[in-house]
Amino acid sequence: MEERTTLKKSLKAHWVWAIALGSSIGWGAFVQPTTWMSTAGPMGVILGFGIGAILMMLIAVSYGFLIKSFPVSGGEFAYAFISLGRTHAFISGWFLTLGYICIVALNASAFALMFKFVFPALIENLHLYQIAGWDVYGMEIIIASVALGAFGYFNVKGSGISGRMQFVFCTIMILSIVTITFMVGGQPGAGLSNVQPFFPGDTTAFAAIISIVAIAPWAYVGFDNVPQAAEEFHFSSKKAFSLIILAIFFAAVLYSLMILATAMIRPWEGLVSESHVWGTGAAIEDLLGTMGLVLVVTALTMGVFTGLNGFIISSSRLLFAMSRAKILPEAFSKLHPKHKTPYVGIIFTVIVSMLAPWFGREALLWVVDMSSVGVTIAYFYTCYTAFSLFKTKKNADFDERKHVISPMKKMISAIGMLSSLVFLGLLLIPGSPAFLGVESRIALGAWVGLGLIFYLIKRTEFNKIPKEELNYLILGSKEIEAKNRT
C-alpha cells in the first residue's frame, strides 16, 4: 500500500476560529442589509439570522464530534465515506467543491463592486459587453483577478501565513463593525426609533422571518471550513466544536449589528425604497461622511479578504483529499516542494474563480444561489454520519473506536438532518420563499450532469480500490473500518 501524503500541522486555535468566522461573514453582511430589510424588515432579519444560527449550532454538534474522531482533510467528503461509502463520498465532495469555488469567485467579484461604488470613474473603464443587464468592465476583471492572485500566492506560501493573516483581518473587521454601530447610534436624528416598523407591512412576521432563515446555510457557510483544515491543527481536535460555536455566535452578532446600524440611520422603509446600488454604504456616508465610508469600506474589504482566504484554504484541502482518495487526478494531492501546501488545488481554485468576473455579477449570482444546495447536501451527510455513530446503548455492532453512547447527541444530529432537509426543501420546492430562480436551476442541473459524466468515467477505476486502502487514504488509519456499503 502506497504511503499517504499528509499536511503539516501549523494552524493555531485562534487562527482556525478566524477562518470559520471570517468565512461566514463575507460581502453579504455589508452589501445586502437593505435588500434583506426590504424582504423581512430589521427585526425579521435579526430574528431570522438568530434562528438560523441556532439551527447551524445544532448541525455543528455533528461536526464537532466527527472532527474530534476523524481529524483529516476532506471534511464532509470523508464523513460521507464513513457512513455511506465511496459513491456518496463523491456526491458530497462534488457538491461541496462547487459551493466553495463559487464563494471564492463571488468574494472577488464583490471586491471589484466595492471599487465601483467608491471609485466609479476608475472602474467604469474598458467597457467590454453586457450580460443579463450587467455591464462588464475590464477594470473590475483586473481588480478581481489581482485579489485572487494575491491570496493564491499567500496560500501557496503556507497555511501559517494565511492563518495569521486571517486572524488580523477578522480583528479589524470586528472593530470596524462595532465602531460603525456606536457612531451611528450616537448621531442626532439616528437611533432605535428609525428601526420601526419591525416588519414590512406587506407580509406576515412569520413569512418575513422564514425568508431569512431559508438563507442561513448561505449566510453561515464558512464554519464548515474547520473540518477541511483539521489535518493541520496544531492543537487538540477536541477544541473544534467550541471554535465553531463561537464563530457562529459572533457571526450572528455581527450580521445583527450591521442590520441595526443600517436601520438606525434614518427610517428604513425610505432608505430601502431609494434602491441604491449599495444602500448601506450610501446611508453611512450620508450620516457619518468620509470617516463612515472609510470604516464600512474597511469592514467590507476585511470581510471579502477573510472569505477569499478561508475558502481558498478549504477548496484546496477538499481537492487534496479527493485526489488522495484517487477520485480526482493525482496532481491535486501533490505538495509544494518547499512550502508543503497543496499548491495545485490552490492554483486551480484561483484560475477557475478568475473566470467568474467575465460573466457579470447577475450570472454569478445564479451560480451562487444554487451553490447553497451543495452546501446543504454536505450538512446532511455530516449529520447523518454522526447520527449513525452515536448510539443509545451498546449493541452487537458497537465499536469502541467509532461509536459513542449519547442519546442526546443522537437526537441533536437527527434534528440537524431534519434542518438540512428543510433548508433543501426551501431551496428546491416551488412556492417557497427561497425557491431557486430558473437560471440557478439550469446551472444546478448542468453541475449535476457534469458530475455524473465525471463519475461514470472514473467509476470503474475508483471501485477497484480495495476498501481497506480507501480507509487508509481517506481516514489515515489502516485500523479504522468504515461502515461503508460499497
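The values are calculated or read from the model by the stated rules, or taken from the named source; none is laboratory data. In this text, all values refer to a predicted model and were calculated from it rather than measured experimentally. With ideal geometry, Cβ positions are generated from the backbone for all residues, glycine too; neighbour counts draw on all protein chains shown. Surface areas here come from the heavy atoms of the whole protein model, side chains and all, with no ligands, DNA or RNA. Shrake-Rupley method; radii C 1.70, N 1.55, O 1.52, S 1.80 Å.
Please find, within the stretch 96-113, the residue that is farthest from the chain's Cα centre (by Cα) out of those that are open to solvent by 10 Å² or more (accessible area, probe 1.4 Å) and of a type in the set (Ser, Thr, Tyr). Filtering first and then ranking leaves Ser109. Gly163 passes every criterion in (1) open to solvent by 10 Å² or more (accessible area, probe 1.4 Å); (2) assigned to a helix (DSSP H, G or I); (3) not charged (D, E, K, R) apart from (1).
Does Asn194 fit the bill of being farther than 22 Å from Ser315 by Cβ and open to solvent by less than 20 Å² (accessible area, probe 1.4 Å)? It would help to see each step written out before you state the result.
Details: farther than 22 Å from Ser315 by Cβ: yes; open to solvent by less than 20 Å² (accessible area, probe 1.4 Å): yes.
Considered against the rule, which asks whether it is farther than 22 Å from Ser315 by Cβ and open to solvent by less than 20 Å² (accessible area, probe 1.4 Å), Asn194 comes out as yes.
Just to check your reading of the model, which residue among Gly270, Gly281, Gly303 is modelled with pLDDT under 90, open to solvent by less than 20 Å² (accessible area, probe 1.4 Å) and under 26 Å from Leu47 (Cα atoms)? Lay out the reasoning, then the answer.
Values: Gly270 fails: open to solvent by less than 20 Å² (accessible area, probe 1.4 Å); Gly303 fails: modelled with pLDDT under 90.
Unique residue meeting the criteria: Gly281.
Within the option set Ile347, Ile377, being under 15 Å from the mean Cα position of the chain (by Cα) and among the aliphatic types (A, V, I, L, M) holds for one residue only, Ile377.
Among the numbered conditions (1) in contact with a Gly (Cβ under 8 Å, 6 or more places away or on another chain); (2) under 22 Å from Ile25 (Cβ atoms); (3) not β-branched (Val, Ile, Thr), the only one that Phe198 does not meet is (2). Within the stretch 137-156, is there a residue that is outside any helix (DSSP H, G or I), at pLDDT below 90 and either of a type in the set (A, V, I, L, M, F, W, C) or more than 26 Å from Ser23 (Cα to Cα) (or both)? Yes, the conditions are met somewhere in the stretch 137-156.
Scanning the stretch 114-127 for residues that are part of a helix (DSSP H, G or I) and open to solvent by 20 Å² or more (accessible area, probe 1.4 Å) returns Phe115, Lys116, Phe117, Val118, Pro120, Ala121, Leu122. The combined condition, being touching a helix residue (DSSP H, G or I) at 6+ places or on another chain (Cβ under 7 Å) and surrounded by fewer than 23 Cβ atoms within 10 Å (Cβ to Cβ), is not fulfilled by Val146.
For every residue, the table says whether it meets (1) free of Cβ contacts under 8 Å to residues at least 40 places away in the same chain; (2) under 30 Å from Trp358 (Cβ atoms); (3) open to solvent by less than 20 Å² (accessible area, probe 1.4 Å).
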site	(1), (2), (3)
Met139	yes, yes, no
Lys157	no, yes, no
Phe167	no, no, no
Met173	no, yes, yes
Ile177	no, no, yes
Gln187	no, no, no
Pro200	no, no, yes
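Among the residues of the stretch 210-261, what is the count of those that are under 15 Å from Gly50 (Cα atoms), at pLDDT 90 or above and open to solvent by 10 Å² or more (accessible area, probe 1.4 Å)? Before the answer, list the steps.
Start the filter on the stretch 210-261 by keeping residues that are under 15 Å from Gly50 (Cα atoms), which leaves 210-221, 245-260.
Checking the rest, the ones that are also at pLDDT 90 or above come to 245-260.
If we keep only those that are open to solvent by 10 Å² or more (accessible area, probe 1.4 Å) as well, we get 245-246, 249-250, 252-253, 256-257, 260.
Of the residues in the stretch 210-261, 9 are under 15 Å from Gly50 (Cα atoms), at pLDDT 90 or above and open to solvent by 10 Å² or more (accessible area, probe 1.4 Å).
In the set (1) crowded, with 22+ Cβ neighbours inside 10 Å; (2) assigned to a helix (DSSP H, G or I); (3) touching a residue at least 40 places away in the same chain (Cβ under 8 Å), Val352 fails one condition alone, (1). Out of the stretch 237-253, which residues are in contact with a helix residue (DSSP H, G or I) (Cβ under 6 Å, 6 or more places away or on another chain) and among the hydroxyl-bearing types (Ser, Thr, Tyr)? Passing the criteria: only Ser237. Within the stretch 419-472, if we keep just the residues that are assigned to a loop (DSSP other than H, G, I, E, B) and free of Cβ contacts under 8 Å to residues at least 40 places away in the same chain, the residue that is farthest from Phe380 (Cα to Cα) turns out to be Pro466. Just one residue in the set Gly22, Gly44, Gly64, Gly26 is more than 25 Å from Gly75 (Cα to Cα) and touching a helix residue (DSSP H, G or I) at 6+ places or on another chain (Cβ under 6 Å); that residue is Gly44. Residues of the stretch 422-445 that are out of contact with any Leu (no Cβ under 9 Å at 6 or more places or on another chain), open to solvent by 50 Å² or more (accessible area, probe 1.4 Å) and modelled with pLDDT of 85 or more: Ile429, Pro430, Val438, Ile442. Among the residues of the stretch 32-70, which ones are of a type in the set (Gly, Ala, Ser) and open to solvent by less than 40 Å² (accessible area, probe 1.4 Å)? Once the filter is applied, which keeps residues that are of a type in the set (Gly, Ala, Ser) and open to solvent by less than 40 Å² (accessible area, probe 1.4 Å), the stretch 32-70 yields Ala40, Gly41, Gly44, Gly48, Gly50, Gly52, Ala53, Ala60, Ser62, Gly64.
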